[in-house]
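Each value in this text was obtained by applying a stated rule to the coordinates, not by laboratory testing. These numbers were taken from a predicted model, which means no experiment stands behind them. Virtual Cβ from ideal backbone geometry, glycine too; neighbours counted across all protein chains shown.
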Amino acid sequence: MPINSDLEGGVFGPEATAAMGEAFRDACQQLHVANQSDELRTLIATLIIAAARRGELNPVRLRTAAVAAFAIVKSHRELEAPNIKAAS
């Protein structure tokens, strides 16, 4: 999956795209989602793109931001899951 598939008009240059690609690869590896669903990988890519749009282009910090945000999203989803089951 290309990391820049959601970009409008090529907002990021080659160096930024390379940094985001490195961060994406490393985040997927760290989170053990390299062979998981496209939904999880898309979420990680989206988190990296969001951090890059805020001006962060260091691949290590992009990865760290994505991993931290992923943990927050995951815990939020887990907190909502019991409520969904209880309402059924």
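To make sure I understand, if each residue's beta carbon is the centre and we count other beta carbons within 10 Å, what order do LEU62, LEU40 fall in, fewest to most? Could the numbers behind the result be given before it?
Details: LEU62 26, LEU40 17.
Taking fewest neighbouring Cβ atoms as first place, the list is LEU40, LEU62.
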Open item on the list: What distance in nm separates the two pseudo spin-label positions at ALA68 and ASP38, each 7 Å out from Cα along the beta-carbon direction?
Closed with: 3.1 nm
Task: Cα-based equivalent ellipsoid of the stretch 14-87: semi-axis lengths in Å, sorted from largest, via gyration tensor - done: 26, 13, 9
Open item on the list: Quick check for me: using +1 on Lys/Arg Cβ and -1 on Asp/Glu Cβ, what's the dipole size of the stretch 14-87 about its Cα centre, in debye to the nearest 20?
Closed with: 120 debye
Open item on the list: Can you tell me, using C-alpha contacts under 8 Å and at least 6 residues apart, the relative contact order of the stretch 14-87 as a whole percent?
Closed with: 34 percent
